[in-house]
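The values are calculated or read from the model by the stated rules, or taken from the named source; none is laboratory data. Note that the structure is a prediction, hence the values are computed from the model and not measured. All Cβ positions, glycine included, derive from the backbone under ideal geometry; neighbour counts span all protein chains shown. These area figures cover heavy atoms from the full protein model, side chains too; ligands, DNA and RNA do not enter into them. Shrake-Rupley method; radii C 1.70, N 1.55, O 1.52, S 1.80 Å.
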Amino acid sequence: MAARKILLVDDSETVLLIEQMILKKEPYQLITAKNGREGVEKALETRPDLILMDVVMPEMNGFEAVRWLRQRDATRSVPIVMVTTQAEAESMEAGYESGCSDYITKPIDSTELLTKVRNILGS
């Protein structure tokens, strides 16, 4: 069985490295993007099984990227987990309204991230 693909979208190299360190122990193919626009392009190009999406990024923020992905047949049903420091209720509400599947807050807890990824991917 081919490795499940996870697209990591964040403008912080540090966050991308942390996510990769947590997830590399599992049999996932990890793809990275540094902003919302690049994330949308890579999602359409690679067809990931899951997307971890930051909210505050240059060029296109996470909410805009999620709305854009939800409008495309190829990415409409891909689970998207928002990864953000913005844990306030209105931020979470905006994320769910834009079409995200779940939320995780920074600093990233490795157990929480792995549990959510496994639950979503069924592994």
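As an equivalent ellipsoid, the stretch 26-80 spans semi-axes of 16, 14, 9 angstrom, where each value is the square root of five times an eigenvalue of the C-alpha gyration tensor, largest first. So for the chain, averaging the separation of alpha carbon pairs under 8 Å that are six or more residues apart and normalising by length, what relative contact order in percent results? Once divided by the residue count of the chain, the mean separation gives 23 percent.
For every helix of n ≥ 4 consecutive DSSP H residues, a contribution of -39,500 (n - 2.57) applies; sum these over the chain, divide by its total residues, and give [θ] at 222 nm rounded to the nearest 500 deg cm²/dmol.
Calculated at 222 nm, the ellipticity per residue is -13000 deg cm²/dmol.
If you plug the beta carbon distance of residue 119 and residue 73 into 1/(1 + (r/R0)^6) with R0 = 30 Å, you get a FRET efficiency near 0.75. Accessible surface of the stretch 10-72, 1.4 Å probe: 50 percent of it comes from carbon and sulfur atoms.
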